[in-house]
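Encoded as structure tokens, the structure appears first; notes follow it.
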Amino acid sequence: MLLLQFSTSHYCRKARLALGYKKIAYQVENLTPGLHILKLKPITGLTTVPVLLPQQEGEPEAIADSTHIFQYLETYQNDPPLILPNTTQQTEAWLLEDWLDESIGTATRFVYYHFRAGEGKSIDPSLFSQLVINVVRRQYKITPANVKLASDRLKTAMNVLSSWQKQPYLVSDRLSVADLAAAALLSPLALIPDYRQTYPWLFERIAAIHEICGEKLPPGL
Ligand SMILES: N[C@@H](CCC(=O)N[C@@H](CS)C(=O)NCC(=O)O)C(=O)O
């Protein structure tokens, strides 16, 4: 299998966690932001990574979107399972996964790039890095006003996810799609000292899930 990705994307990390959890062999192709559209549009109709190419007869050519990649991997190889046996709990896990994907992953992006352009500039002050950060800020219209909204959303997220303080998994006593989504989509916050100090339990869980999945820890951890 081949995973088309941006090396730094937290949504691509989410797909890698699922591949790693299931111990499925794969390779990655790192696309160049900007040029990625030329490669992706003809095969998926979309412009976002991750995209998984199974490269096997009888399998689909391409699966776009990290949630679809989760669903596809479960049908490709259901052991170890990502889907909980209890339907009500699985519905809850999908609900959390969707909210993390649509709302919290975006909030993380806003807060993270705002930090990297300001207080966190010293992480990589090079012209190239700051240029990329500014392109991303412009692309997603990251302004101080909507960074404030995003950081409020992250505060709510920490309350919703606080069950991670008492138990290893968000839903039931087994790893689910909710844990993988949270571990990946909040991982960029590991570079931001305020989050590290206020929510140490979050980063303990993120590290533990990366270990379970055999995925390299995110920067900062
Ligand atoms: N909901 C999508 C979101 C993926 C996403 O936002 N990917 C970003 C990188 S983090 C991307 O490809 N952006 C490039 C673009 O929109 O052209 C998923 O889960 O796969």
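Readers should treat all values here as calculations from the given coordinates under stated rules, not as data from a laboratory. What you see is a predicted model, and the numbers here were worked out from it, not measured in a lab. Cβ: placed from backbone, ideal geometry, glycine included. Neighbour counts: every protein chain shown.
Spatially close Lys pairs in the chain, defined by Cα atoms under 24 Å apart and a spacing of eight or more places or different chains, total 17.
Using bins of 10 Å that start at zero, the share of Cα-Cα pairs per bin across the range 2-76 amounts to 20, 59, 20, 1, in whole %. Net charge dipole, the chain: roughly 860 debye, given to the nearest 20, about the Cα centre with Cβ charges of +1 for Lys and Arg and -1 for Asp and Glu.
Peptides 155-166, 134-145, 196-207 ranked from most to least packed by the mean count of surrounding Cβ atoms within 10 Å: 196-207, 155-166, 134-145.
The 3J(HN,Hα) values that the Karplus relation (6.51, -1.76, 1.60; θ = phi - 60°) gives for the range 127-140 are, in residue order, 4, 4, 4, 5, 5, 4, 4, 6, 5, 4, 4, 6, 4, 9 Hz. Gly and Pro appear as x. Working note: Karplus 6.51/-1.76/1.60 with θ = phi - 60° gives the range 21-34 the couplings 4, 8, 6, 8, 6, 7, 10, 10, 10, 7, 8, 8, x, x Hz, where Gly and Pro are set to x. Put simply, the range 151-210 fits an ellipsoid with semi-axes of 18, 12, 11 Å; these come from the alpha carbon gyration tensor as the roots of five times its eigenvalues, largest first.
Exposure proxy shown here: for L149, L180, the number of other Cβ atoms within 10 Å sets the order, fewest to most, as L149, L180.
For the Cα trace of the chain, dividing Rg by the Kirkwood Rh returns an Rg/Rh value of 0.95. The GluC sites (Glu not before Pro) of the range 66-136 that meet both conditions, a loop assignment by DSSP and at most 13 other Cβ atoms within 10 Å of the site Cβ, are E119.
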